[in-house]
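No value in this document is a laboratory result; all are computed from the given coordinates. Everything numeric here is computed off the predicted structure, so don't read it as measured data. For neighbour counting, all protein chains shown are included, and Cβ atoms are generated from backbone atoms with ideal geometry for every residue, glycine included.
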Amino acid sequence: QVRLVESGGGLVQTGGTLRLSCAVSGRIFDIMFMGWYRQVPGKQRELVASTTSSSYGTNYADSVKGRFTISRDNTKVYLQMNSLRPEDTAVYYCNARDYRDFTYWGQGTQVTVSS
């Protein structure tokens, strides 16, 4: 089992920055991939950024390239969000996938960008 707890969301003005954190506990060494997703009401959850367990490979949605950065250490994964836009407003979820392809989710953290 893997447990994920997000923090760091909030309200920020356009152009501002936020840093989301996801604390990871449990069978950490089973995790192969970690990522951040976001969802707005009425839309599907979409991938924002992902990284492999060794941080060797990272992947970003086109809409956040050059503005967001995913990083991780042994027990946390982060999403640094710069130059925020109103369209970045969403609930952000931490995600982990282990070597058996089991997927885990955090409870989500709200990010609101005011215009």
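General observations
- Computed over the chain: relative contact order in percent, which uses C-alpha pairs under 8 Å that are six or more apart: 36
- Each Lys and Arg adds +1 at its Cβ and each Asp and Glu adds -1 at its Cβ; summed about the Cα centre, the chain shows a dipole of about 60 debye.
- Mean-position separation - Cα centroids, region 1-70 and region 99-115, in angstrom: 7
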